[in-house]
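Structure record follows, encoded as C-alpha cells.
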Amino acid sequence: MKPKMKAAMVLRFGEPLEFRECEIPAPGPGQILVKTEACGVCHTDVHAAKGDWPMKPALPFIPGHEGIGVVVAMGREVTAVKEGDRVGVPWLYSACGHCEHCLSAWEAVCAEAEFGGYTRNGGFAEYILADPGYVAHIPSGLTSTDAAPIICAGITTYKGLKETRAKPGQWVAISGVGGLGHLAIQYAKAMGLLVCAIDVDGGKLTHAKRLGADLVINALEADPVSAVRDGTAGGAHGVVVTAPSLSAFKQGVGMTRKRGTCVLIGLPPGEFPTPLFDVVANCITIRGSFVGSRQDMAEALAFAAEGKVKADIELQPLSAINQVLERLEHGKVASRVVLDFAR
C-alpha cells in the first residue's frame, strides 16, 4: 500500500475545502518532493477556491503557494537542490525558461508559467511536488513559519517598491496596511525610503507608526490625496497600492508626484477609471507589478534573514483552513495566517 498524506482540496468552486487522504506523489525526472513544515494563507487562495478569476484552476486541486519544507526525495537529473535542503514552493511554480520574459528576469509573465496552488497542487498538504529550478532557497536563520509570508506577500511588496524607482530619501506612499502593506513599510524603510502609510483602520495606522512609517493618514478622516500631497511637499515619488479597492487605485494616482510612478498590486473587481489628463500632463507612470523574479525572491528573503523585515503572523493548524479562508474573505485577518504543520 502506498503511503498517504493529508490534504485540503477544492472539489467544487465556492464550497469549503475538503480534507482527504491522498497518495504521496512521487517525483518524476526534474522534480522534487518537499515535506511541508509551514504554508502561508493568501487572499489569492480565497479567489482560487471560489473560482473568481477568468482562468480557473482545474478541479480538484490543492491550494497554497507559500509552502515551506524540506526536500525529502528527488527525481532524476535534479542538481539545483539536494535532499535535506529547506525550500519554499511559491506562486511562480515554473516557467519555460527561454522566452523573452524569462531571459530578462520577468519569468512571472511567461506565457507558459505555472502557478503553485492554482495550476499545480500547492501547500495545503503534507507534501508538495515542486520544480527545483523555481523553489525559493530559505536562509538558515529564518524559521519556516516566518519565511512563508515572505515568498508571496514579501516578494510582491518588495518588487512593487522596486518598480516605483524611488531612491533613498524619497517618499513612497503605501495604500493599505494589511498583510501586504505592513511588509511594504518594512521593506521601504530598509531601502532608505520615507514612508507615508494610508488606511481606514486607526489600529493599523498605529501599527504602521511602530513599523517606522514617517507619516500616517486615515482616509476616513481626511482626503488622502490632499494629505499625501501636503505631507510630502507635492506627492509621493512612488505609490504602492496594496488595497483591493478601486477608490484606493484612483487615490493612488492622485497621490503620485509629477513624474512619479504608481504601482498597482491589489486586484479589485471592476474597471479602473484612469484620470488621463492628470496622467499625461503630470507625466505619471502607472505600472502593474506581479509577484517578482527568482532574484527578487532571494533579495526579499535576505532582508528577512537579516531581521530587517518580519511578517506579523498568526499560526493555525491545517484543520482550520476553512475558517481562515472565511475570515480572509471578510477582512477579519489583521496581517498573515500561517499553517503550522507541526501542530
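We did not get these values from a lab; they are worked out from the coordinates using the rules stated. In this text the structure is predicted, and so the values were computed from the model without any measurement. Cβ: placed from backbone, ideal geometry, glycine included. Neighbour counts: every protein chain shown.
What to note about this one:
- Taking all Cα pairs closer than 8 Å and separated by 6 or more residues, the relative contact order of the chain comes to 18 percent.
- Cα lying deepest toward the dipole's positive end in the chain, options A300, F290, I32, charges on Cβ: A300
- Under the criterion of Cα pairs below 8 Å and six or more residues apart, the relative contact order for region 154-288 equals 24 percent.
- In this structure, the pairs whose alpha-carbon distance is over 31 Å, taken from K82/K189; K35/K209; K167/K250, are K82/K189; K35/K209.
- Helical mean residue ellipticity (222 nm; -39500 (n - 2.57) per DSSP H run of 4+; nearest 500) of the chain: -7500 deg cm²/dmol
- With contacts taken as Cα pairs under 8 Å and at least 6 residues apart, region 220-336 reaches a relative contact order of 18 percent.
- Value in Å of the Kirkwood radius, where region 41-95 supplies the Cα pairs that are averaged: 13.3
- Along principal axes, Cα extents of the chain, largest first, whole Å: 68, 40, 38
- Summarising the amide proton neighbourhood of A73: residues at separation of 5 or more, or on other chains, whose placed amide H is nearer than 5 Å comprise L33.
- Reducing region 56-103 and region 115-178 to their Cα centroids gives an inter-centroid distance of 14 Å.
- Note on the chain: with charges restricted to the Cβ of Lys and Arg (+1) and Asp and Glu (-1), its dipole about the Cα centre is near 480 debye.
- Among F272, F303, sorting on how many other beta-carbon atoms sit within 10 Å of each Cβ, with the fewest leading, yields F272, F303.
- Sorting the segments 278-290, 309-321 by their mean number of nearby beta carbons within 10 angstrom, highest to lowest, gives 309-321, 278-290.
- The GNM of the chain, with springs linking C-alpha atoms under 10 angstrom apart, assigns the highest mean-square fluctuation among F249, F61, F13 to F13.
- For the chain, built as a Gaussian network whose Cα springs stay under 10 Å, the top-fluctuating residue of V239, V78, V172: V78
- Span from the region 1-27 Cα centroid across to the region 213-260 one, whole angstrom: 44
- Highest-MSF residue in the chain out of Q31, Q323, Q186 [GNM, Cα springs under 10 Å]: Q323
- Along the axis of the charge dipole computed for the chain (Cβ charges of +1 for Lys and Arg, -1 for Asp and Glu, origin at the Cα centre), the listed residues G252, Q316, V89 are led at the positive end by G252.
- Divided by 2.2 N^0.38 Å, where N counts the residues, the Cα radius of gyration of region 154-288 comes to 0.91.
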